[in-house]
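The values are calculated or read from the model by the stated rules, or taken from the named source; none is laboratory data. All of these numbers come straight from a predicted model, not from anything done at the bench. Counting neighbours? That spans all protein chains shown, and the Cβs are built from the backbone with ideal geometry, glycine included. When the accessible area is computed, the model is the full protein with side chains, heavy atoms only, and any ligands, DNA or RNA have been set aside. Shrake-Rupley method; radii C 1.70, N 1.55, O 1.52, S 1.80 Å.
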Amino acid sequence: MAIHDRVVVTDALGEGRFLLDYLSSDVVMINTGNKEIDEIEARYKAEKDCMCKKVVFYKQNTPDSLCFLLEYAETYGCIVLDDMEAYTRKHLLKV
């Protein structure tokens, strides 16, 4: 989030939800339901209420289910927490 002010987090099993508790206080987290209307509402909220703020969209589903948040995911980035074991191993080995 150092470069971009929007990021999409997908977490099909919901195992990575706890990581969002460690976001800095200047980041707004928007929980997104699994229907298309939920994504539209989340996007509207971000554009209307959080124009100059950093926003994390959290969706408990797979990345291929993205519809109206897909543009954010492709432009700013998408963090996929679908396999927490692989995600943790990958990022622990980076350090």
Q) For residues in segment 53-69 being more than 23 Å from Lys90 (Cα to Cα) and in contact (Cβ under 8 Å) with a residue 40 or more places away in the chain, which is most open to solvent (accessible area, probe 1.4 Å)? A) Lys53
Q: Could you list all residues from segment 4-18 that are loosely packed, with under 14 Cβ neighbours inside 10 Å, among the hydrophobic types (A, V, I, L, M, F, W, C) and under 15 Å from Thr62 (Cβ atoms)?
A: Leu13
Q. In this structure, does Val80 turn out to be open to solvent by less than 80 Å² (accessible area, probe 1.4 Å), free of Cβ contacts under 8 Å to residues at least 60 places away in the same chain and either among the β-branched types (Val, Ile, Thr) or more than 12 Å from Gly16 (Cβ to Cβ) (or both)?
A. no
